[in-house]
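*Asks:* Next up is a structure, given as structure tokens.
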Amino acid sequence: MAERESEFIEKVGEVEFKPILEFEKALCANGASYVNEVLQNRVKHETFLKLLDSAEFIYYFDEDRNLYGDFLFVGLALRYNEKLIGVTFYGLGFHEFRERYITDYWFFYWANDFELEKRVNMSKEEIKRIIEQKREEIKRLAKDHEPTEKGELFTAIADLTDEDGAYSIMEEMNIL
């Protein structure tokens, strides 16, 4: 059954917002808010768990590193209009440029189709157990941690643009 795209429209004041890209629609069809999460390039931890529950399968699950730090990466195959859409999430780690531990939300990006050829050989229950253990560990580390002014500046710029935009701006200003 095809999803009705009108179901994804969200209003802020008089302005209507709706997802355009397939992965945005897949996220919304499986429980993410377009305005409050997808447009922000991150979902709340609770939303992430709903997406995990609704995923057809998990194609990646590992601690890894990207430009921004060391995180737990989780690749979910989400169904939208009879098609599988790969979305990779990362969180539960230390964001080096924001200078903060990420515990309450997950960043994401649209995965390449070839990622969907992989499968993680673990149950969703086992993965959720590991995620909750990792979250408690990161929360303990974050308890007394405060970012510097540079970390706060990166966060402000990233929240206005995105992670890559903030990195480029701060690199251009010779702040990184």
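*Asks:* Just to be sure, is ILE138 without any contact (Cβ under 8 Å) to a residue 60 or more places away in the chain, out of contact with any Leu (no Cβ under 9 Å at 6 or more places or on another chain) and not in a strand (DSSP E or B)?
*Replies:* Taking the combined requirement at face value, the residue does not satisfy it.
*Asks:* Can I ask one more? Answer yes or no: is there a residue in the range 112-129 that is within 30 Å of LEU176 (Cβ to Cβ), touching a residue at least 24 places away in the same chain (Cβ under 8 Å) and in contact with a helix residue (DSSP H, G or I) (Cβ under 9 Å, 6 or more places away or on another chain). Break it down into steps so the answer makes sense when it comes.
*Replies:* Step one: list which residues in the range 112-129 are within 30 Å of LEU176 (Cβ to Cβ), which gives 112, 115.
From what is left, the residues that are touching a residue at least 24 places away in the same chain (Cβ under 8 Å) are 112, 115.
Adding the requirement that they be in contact with a helix residue (DSSP H, G or I) (Cβ under 9 Å, 6 or more places away or on another chain) leaves none.
Looking for residues that are within 30 Å of LEU176 (Cβ to Cβ), touching a residue at least 24 places away in the same chain (Cβ under 8 Å) and in contact with a helix residue (DSSP H, G or I) (Cβ under 9 Å, 6 or more places away or on another chain), one finds none in the range 112-129, hence no.
*Asks:* Looking at the range 79-87, is at least one residue within 30 Å of ALA156 (Cβ to Cβ), at pLDDT 95 or above and surrounded by fewer than 20 Cβ atoms within 10 Å (Cβ to Cβ)?
*Replies:* no
*Asks:* Being surrounded by 20 or more Cβ atoms within 10 Å (Cβ to Cβ), without any contact (Cβ under 8 Å) to a residue 40 or more places away in the chain, on the phi < 0 side of the Ramachandran plot and part of a strand (DSSP E or B) is the requirement here; does TYR90 meet it?
*Replies:* Answer is yes for this residue.
*Asks:* Scan (1) out of contact with any helix residue (DSSP H, G or I) (no Cβ under 6 Å at 6 or more places or on another chain); (2) in a strand (DSSP E or B); (3) under 18 Å from ILE131 (Cα atoms); (4) not polar (S, T, N, Q) for the single condition ARG79 breaks and write down its number.
*Replies:* (3)
*Asks:* Taking LEU67 as the residue in question, decide whether it is of a type in the set (A, V, I, L, M) and surrounded by fewer than 16 Cβ atoms within 10 Å (Cβ to Cβ).
*Replies:* Against the criterion (of a type in the set (A, V, I, L, M) and surrounded by fewer than 16 Cβ atoms within 10 Å (Cβ to Cβ)), LEU67 qualifies.
*Asks:* Pull out all pairs, ordered by first then second residue, where Cβ-Cβ is under 7 Å, the residues are six or more apart or on different chains, the first lies in the range 15-38 and is more than 16 Å from LEU78 (Cβ to Cβ), and the second is of a type in the set (Asp, Glu) and surrounded by fewer than 20 Cβ atoms within 10 Å (Cβ to Cβ).
*Replies:* PHE17/GLU10; LYS18/GLU5; VAL35/GLU10
*Asks:* Looking at the range 93-115, which of the residues that are on the phi < 0 side of the Ramachandran plot and acidic (Asp, Glu) is surrounded by the fewest Cβ atoms within 10 Å (Cβ to Cβ)?
*Replies:* So, considering only residues that are on the phi < 0 side of the Ramachandran plot and acidic (Asp, Glu), the one surrounded by the fewest Cβ atoms within 10 Å (Cβ to Cβ) is ASP113.
*Asks:* Specify which of the listed residues (GLU16, GLU63, GLU7) is out of contact with any His (no Cβ under 7 Å at 6 or more places or on another chain) and part of a helix (DSSP H, G or I). Show your work before the answer.
*Replies:* Details: GLU16 fails: part of a helix (DSSP H, G or I); GLU63 fails: part of a helix (DSSP H, G or I).
Of the residues listed, the single one that is out of contact with any His (no Cβ under 7 Å at 6 or more places or on another chain) and part of a helix (DSSP H, G or I) is GLU7.
*Asks:* A follow-up question, please. Taking the criterion of being charged (D, E, K, R), over 26 Å from SER33 (Cα atoms) and at pLDDT 95 or above, would at least one residue in the range 125-138 satisfy it?
*Replies:* yes
*Asks:* Let me ask something additional. Going by what's in this entry, would GLY75 be described as surrounded by 20 or more Cβ atoms within 10 Å (Cβ to Cβ) and under 12 Å from the mean Cα position of the chain (by Cα)?
*Replies:* Here the answer is yes, as GLY75 does meet what is asked.
The values are calculated or read from the model by the stated rules, or taken from the named source; none is laboratory data. For clarity, every value in this text was computed on a predicted model and none was experimentally measured. Note that we place each Cβ from the backbone using ideal geometry, even for glycine, and neighbour counts take in every protein chain shown.
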